[in-house]
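Comments concern the structure below.
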Amino acid sequence: MPRANDAGIEFYAWDFNYDAEQGFKATIMIDKDGKQSHKFKTGSFQIAVKVVDNDGLESLEVVYLKVNGKVTG
């Protein structure tokens, strides 16, 4: 699969409840900076980010997150 070009990012799309069987469903789409925050409850999550470049090429990356409890500090 062709991969998105870092120099020409059009947008990032995030799926904070990613399920491979259901496919990518963007929870939020943002511009070229890609910065995003999200609050999670305790549990295990799959998070996917799709990056689309200015040539229309896209790349999908999935990470697994386990939240054990509230962060203090």
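Pick from Gln22, Gln36, Gln46 the residue whose mean-square fluctuation is largest in a GNM of the chain, springs joining Cα atoms under 10 Å.
Highest fluctuation among the options: Gln22.
Please arrange Glu21, Glu61, Glu10 by counting, for each residue, the other beta carbons lying within 10 Å of its beta carbon, fewest first.
Numbers: Glu21 4, Glu61 9, Glu10 16.
By the 10 Å Cβ count, ascending, the order reads Glu21, Glu61, Glu10.
According to a simple spin-label model (label point 7 Å from Cα along Cα-to-Cβ), what is the distance in nm between Lys35 and Asn54?
Roughly 2.2 nm, to one decimal.
Amide H neighbours of Thr27 under 5 Å, at least 5 residues apart or on other chains, H built in the peptide plane: list them.
Amide H neighbours of Thr27, under 5 Å, 5+ apart: Trp14, Asp15, Phe16.
How far, in nm, would the chain grow between Ile9 and Gln22 when pulled straight, counting 0.36 nm per residue and subtracting the alpha carbon separation? Show your work: numbers first, answer last.
Details: separation 13, 0.36 × 13 = 4.68 nm, distance 2.56 nm.
Residue separation times 0.36 nm, minus the Cα-Cα distance, leaves 2.1 nm.
Note down, for the chain, the three equivalent ellipsoid semi-axes (square root of 5 times each alpha carbon gyration tensor eigenvalue), biggest first, whole angstrom.
Values: eigenvalues 129, 42, 17 Å².
They are 25, 14, 9 Å, listed from largest to smallest.
By a straight-distance test (C-alpha under 22 Å), which lysines pair with Lys32 as possible cross-link partners, with residues fewer than eight away in the same chain excluded?
Within the straight-line cut-off, Lys32 pairs with Lys50.
Select from Phe24, Phe40, Phe11 the residue whose mean-square fluctuation is largest in a Gaussian network model of the chain (Cα-Cα springs shorter than 10 Å).
Greatest mean-square fluctuation among the candidates belongs to Phe40.
Please check: in the Gaussian network model of the chain (C-alpha springs, under 10 Å), which one of Asp53, Asp15, Asp33 has the largest mean-square fluctuation.
In the Gaussian network model the winner is Asp33.
Could you work out the relative contact order of the chain, using alpha carbon pairs under 8 angstrom and six or more residues apart, expressed as a whole percent? Write down the numbers at each step before the final one.
Numbers: 133 pairs, mean separation 27.3, N = 73.
The normalised contact order for the chain reaches 37 percent.
Any read-out appearing in this document is the output of simple, stated calculations on the displayed coordinates, not a laboratory observation. In this text, all values refer to a predicted model and were calculated from it rather than measured experimentally. Glycine gets a Cβ as well: all are built from the backbone with ideal geometry, and neighbour counts include every protein chain shown.
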